[in-house]
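See below for the structure under consideration.
The values are calculated or read from the model by the stated rules, or taken from the named source; none is laboratory data. Owing to the predicted nature of the structure, the values given are computational and were not obtained by experimental measurement. Here the Cβ is made from the backbone with ideal geometry for all residues, glycine too, and neighbour counts use every protein chain on show. The accessibility values were calculated without ligands, DNA or RNA, using every heavy atom of the protein model including side chains. Shrake-Rupley method; radii C 1.70, N 1.55, O 1.52, S 1.80 Å.
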Amino acid sequence: MNISIITQYSFIVVAIGTMLLAMATGIVGTISILKGQSLIGDAVGHASLPGIILAFMISGRKSSIILMLGAIVAGIVAFILIQIISEGSKIEADTAMAVILSAMFGMGMVLKSYIQGNPKYQGASQSGLASYIFGQAAYILREDVYIILAVSVISLALFILFYKEIKVYVFDMVYAYTIGINSRLTSLLIMIITMILIAAGLKAVGAILISSMLITPAVTGLQWSKSYEKVLVIAAVTGAVSAFLGTFISSAVKGFSTGPSIILIMSVIALFSVLFAPRGIVRMLLNIRKMRVGK
């Protein structure tokens, strides 16, 4: 491997963008895990695809901001539909998420096929749109890094500003109600943060893998500590390290995509943690064995 890659401008741009994104999603993803809503990131990520394609069809341009706004609007629509279905019927929220993400992702693929064969859109360059499905960090430009930086800073600032309310909301809904915390507003805030992070990260990781950026670092953090503050730090560090290594590997090895490489590194770290961390399977089995021997 050519280590000198890390000094190249293109690598630095991609690495900064993916590391910022992975740190922010790792921190925010702990909320989804602890609230038992791991599928929400998957649903919003998949549902954002038709919003991206429609934004391109309307504007005729591949402006990162315009496509991101399209993704956010589609994510909001998906979230509202999930709420309506789960609250207005006997269908569970997880089932509603699965239905909506499948339907909207299918709609996105249909729209993408439509514009590829339609002469009306041949004048507008469609190159790079496929990166929003599977992710391709090679398409990340300085503008995209600025967007990711802005979104990450805003998301983390909101998380820190409302940290007390979010923490109480996550761990004790009843207590949150008794001290006057508006659970609906807190839930809305969390959803907004999650949506803008997903929309900002689609170009780097893709609609299919973006949910892993939310879930995997959080799973790692929860295996190493019971303290929520420490879990947040571990999740952020795991995300940053995975993003850097994944970006380096994809840059050094021909044919490796950046997004999947990052998720693969995250998954390896999470698997190791699930097995060998203080709260992992091996430690649990050892504790059970000690208890049996003690008897």
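Quick one: with all protein chains in place, what share of the accessible area of the chain is carbon or sulfur, to the nearest percent (1.4 Å probe)?
69
Using only the alpha-carbon atoms of region 162-295 as identical scatterers, what base-10 log of I(q)/I(0) does the Debye formula give at q = 0.15, 0.22 Å⁻¹?
-0.87, -1.23
Would you mind pulling out the separation of the Cα centroids of region 72-89 and region 97-121, in Å?
18
Any chance you could give the angle, 0 to 90 degrees and rounded to 10, that helix 142-161 forms with the longest Cα principal axis of the chain?
30
Have a look at Lys120, Lys230, Lys203 and tell me which one the Gaussian network model of the chain (Cα, springs below 10 Å) gives the largest fluctuation.
Residue with maximal mean-square fluctuation among Lys120, Lys230, Lys203: Lys120.
Can you tell which of Ile234, Ile84, Ile12 shows the greatest fluctuation in a Gaussian network model of the chain with Cα springs below 10 Å?
Ile84
Any chance you could give the angle, 0 to 90 degrees and rounded to 10, that helix 258-276 forms with the longest Cα principal axis of the chain?
Relative to the chain, helix 258-276 is tipped by roughly 10 degrees.
If the chain between Tyr146 and Val237 were fully stretched, how many nm would it gain, using 0.36 nm times the residue separation less the Cα-Cα distance?
My answer for the length gained is 30.7 nm.
Per residue of region 78-90, in order, report the coupling 6.51 cos²θ - 1.76 cosθ + 1.60 (Karplus, θ = phi - 60°) as ³J(HN,Hα) in whole Hz, putting x for Gly and Pro.
4, 4, 5, 4, 4, 5, 4, 5, 6, 8, x, 8, 8
In Å², and per residue, what accessible area does the chain have when probed at 1.4 Å with the other protein chains present?
In whole numbers, the chain has 50 Å² accessible per residue.
Using Cα pairs closer than 8 Å and at least 6 residues apart in sequence, work out the relative contact order for region 3-294, in percent.
This gives 29 percent for region 3-294.
Using the alpha-carbon atoms, what tilt in degrees (0 to 90, nearest 10) does helix 39-59 show relative to the longest principal axis of the chain?
Computed tilt is about 10 degrees.
Does region 1-126 come out rounded, prolate or oblate, given a ≥ b ≥ c as the square roots of the eigenvalues of its C-alpha gyration tensor, rounded meaning a/c under 1.5 and, failing that, prolate meaning a/b above b/c?
Oblate, since a/c reaches 1.5 and b/c is not below a/b.
Using only protein heavy atoms and a 1.4 Å probe, report how much of Val268 is accessible, in Å² to the nearest 10.
90
Please find the FRET efficiency linking Asn287 to Ser225, where r is the Cβ-Cβ separation and R0 is fixed at 25 Å, and quote it to the nearest 0.05.
Working: r = 17 Å, r/R0 = 0.67.
Result of the calculation: an efficiency of 0.90.
Helix-only estimate, please: 222 nm mean residue ellipticity of the chain, summing -39500 (n - 2.57) across DSSP H runs of length 4 or more and dividing by its residues, to the nearest 500.
Using -39500 (n - 2.57) per qualifying helix, the result is -26500 deg cm²/dmol.
Between Ile91 and Phe256, with labels modelled 7 Å along Cα→Cβ, what's the label distance in nm to one decimal, could you check?
4.1
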